[in-house]
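First comes the structure, then the notes that go with it.
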DNA sequence: CCTACCGATCGGTAGG
DNA sequence: CCTACCGATCGGTAGG
C-alpha cells in the first residue's frame with residue numbers, strides 16, 4: 001500500500017482542502033502557536049509545519065504575518081466584547097448586571113484561554129493604528145464596566161466616594177488577570193472564580209444599607225424581608 | 001578639532017568605560033529595548049547600537065541574550081519583592097498592613113514602569129526552570145497578599161465567607177493591572193490610584209461592624225469615637 | 001572591547 | 001497550493 005514515492009500528498013496528512021476550511025485551520029493553528037511562542041517568537045514556518053504546508057503556501061491565505069495576528073486579535077476581541085455586551089444588556093439594576101458581566105466574562109475567558117492570552121499579551125506587537133482599530137476609540141471593553149459603575153452610582157447603589165473610572169479599572173484588572181493563573185482542572189472552576197470575584201467587587205462598591213444584588217430599595221430595612 | 005579620521009572612539013559617544021559602569025548601562029538599555037520591542041522582538045544589535053558598541057562586544061558582558069533577560073527579570077523582581085516585604089512588615093493589623101502594601105506597591109510599579117512592564121510581559125520568554133528560579137517555589141509575591149488576607153480572616157477583620165486564595169488573586173490582579181493604563185502625568189497620580197484601590201479592596205474584604213483601617217475593635221461602636 | 005566571520009532562519013515573492 | 005529563490009538579519013564565536 002505504500003505510496004510509489006512521488007509527488008502529491010507529500011506533506012503531513014495534508015490533502016487539499018476547501019479554502020474556507022483551510023483558513024479556519026490556519027486561524028486556529030496560528031492562535032495556538034502565538035500562544036505557545038508569542039507573536040515575535042513564532043515563525044510562519046512553525047505554523048506551516050503544523051498544517052502540513054510549505055511556508056510560502058501560507059501566502060495564499062494571508063498577506064503578511066502581521067495581518068494574521070491582526071485577524072486573530074480582531075476575532076478574539078469581537079467575541080469577547082459581544083459576550084459582555086450581551087450580558088450587560090440583561091435586565092436588572094446596574095449592580096446585578098455587573099455581577100452577570102463579571103461571572104460571564106470570567107467564564108468566557110477561561111473557556112477561551114488560548115485566544116484570550118494571545119489577545120492580552122500580543123496587542124503591543126501590532127502598530128498602534130491597528131491596535132486602535134481593534135479596540136475602538138473609547139475602549140469598548142472598559143466602557144461596559146465604567147458604564148455600569150456610573151449608573152450604579154447615579155442610582156445610589158454605589159458609594160458616592162467612589163471614582164467610577166478607577167473602580168472600573170480595578171474591576172477589569174482583577175477579572176482580566178485570571179488568565180494568568182487559571183488552569184482547567186485546577187483548584188477552582190470558572191464559575192467559582194467568577195462568583196467569588198463578583199462578590200468581592202459588589203462588596204467593594206456597594207453603599208451602606210444596600211444589599212448587593214437586591215433591587216434599589218429605600219435606605220434601610222435590614223432583616224425583615226429575609227425570613 | 002575634527003579627529004584625523006581614524007580608529008579609536010569610532011562609535012557613538014563611546015569612550016571605553018569601566019566594566020561595572022558599562023554593565024549598568026547595558027542593563028538599563030536592555031530593559032528599555034525589551035520594553036519597547038518585547039524580548040523576542042528586540043535584537044542584540046538594537047542594544048549594541050544604543051550603547052555605541054558592536055554586537056559581538058556585548059558578549060564581553062553577557063553569556064547569551066537569554067541570560068541578559070534573566071538578569072533584568074531577577075533584579076526587577078528582587079526590588080519589587082523587597083519593597084512589599086518591607087511594607088508588609090510595618091506595624092498594624094493585617095488590613096492596615098494590606099493597605100500599606102497596596103499603596104506602596106502601586107507607587108513602586110508606577111515609578112518603575114519600564115522594568116515592571118518587562119517583568120510582567122516577558123516572563124514566558126524564559127524557560128520554566130528559570131522562571132521558577134526567579135519567582136521562588138511558592139510565588140513570594142502572591143504569598144505576601146495571601147498571608148495578609150489569611151491573618152485578617154483569622155483575626156475576624158475579614159468576612160468569614162471569603163476565600164483567601166481567590167481574594168488575594170483578585171487583589172493582585174487589580175494592582176498589577178495598573179501598569180497597563182497608568183501614564184506619568186495622566187489623570188491620576190500613583191498615590192491617588194493606590195489609595196483608591198486600597199479603599200476598594202478593604203471594603204471588599206472587611207467584616208460587618210469592622211471599620212477598615214481601625215484596630216481590631218469589639219463588634220459595634222459606631223459614631224461615638226468620631227467627634 | 002574590535003575584527004571578521006558562521007550557519008541558521010526570518011518574512012516574503014515570482015511564477016506557475 | 002508547490003518550486004525555487006532572495007536579501008536581511010539573527011544569536012553567537014574565535015582570536016586577539
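The values are calculated or read from the model by the stated rules, or taken from the named source; none is laboratory data. Note that the coordinates shown come from a computational prediction; the quantities given were computed from them, not determined experimentally. Cβ placement follows ideal geometry from the backbone for every residue including glycine, while neighbour counts extend to all protein chains displayed.
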(message) Restricting to region A:178-199, count the residues that are loosely packed, with under 13 Cβ neighbours inside 10 Å and facing another protein chain (nearest Cβ under 7 Å).
(response) 0
(request) Mind listing whichever residues of region A:149-193 are over 18 Å from residue B:177 (Cβ atoms) and not in a loop (DSSP other than H, G, I, E, B)? (result) A:150, A:151, A:152, A:153, A:154, A:158, A:190, A:191, A:192
(request) For region A:157-172, state whether one or more residues are away from chain B (no Cβ under 13 Å) and in contact with a strand residue (DSSP E or B) (Cβ under 7 Å, 6 or more places away or on another chain). (result) yes
(message) Criterion first (within 16 Å of DNA strand C (Cβ to nearest atom), in a helix (DSSP H, G or I) and out of contact with any strand residue (DSSP E or B) (no Cβ under 6 Å at 6 or more places or on another chain)) does residue A:50 satisfy it?
(response) yes
(request) Pick out the one residue from A:135, A:202, A:146 that is out of contact with any strand residue (DSSP E or B) (no Cβ under 7 Å at 6 or more places or on another chain), within 11 Å of another protein chain (Cβ to nearest Cβ) and surrounded by 14 or more Cβ atoms within 10 Å (Cβ to Cβ). (result) A:202
(message) Any residue at all in region B:106-114 that's part of a helix (DSSP H, G or I), over 18 Å from residue B:194 (Cα atoms) and more than 16 Å from DNA strand C (Cβ to nearest atom)?
(response) yes
(message) For region A:30-46, which positions are within 12 Å of DNA strand D (Cβ to nearest atom), within 17 Å of residue A:118 (Cα to Cα) and more than 13 Å from chain B (Cβ to nearest Cβ)?
(response) A:44
(request) Check residue B:82 against each of (1) at pLDDT below 95; (2) loosely packed, with under 15 Cβ neighbours inside 10 Å; (3) assigned to a helix (DSSP H, G or I) and name the one condition it does not meet. (result) (1)
(message) Going by what's in this entry, would residue A:84 be described as within 15 Å of DNA strand C (Cβ to nearest atom), more than 14 Å from every other protein chain (Cβ to nearest Cβ) and under 25 Å from residue A:113 (Cβ atoms)?
(response) no
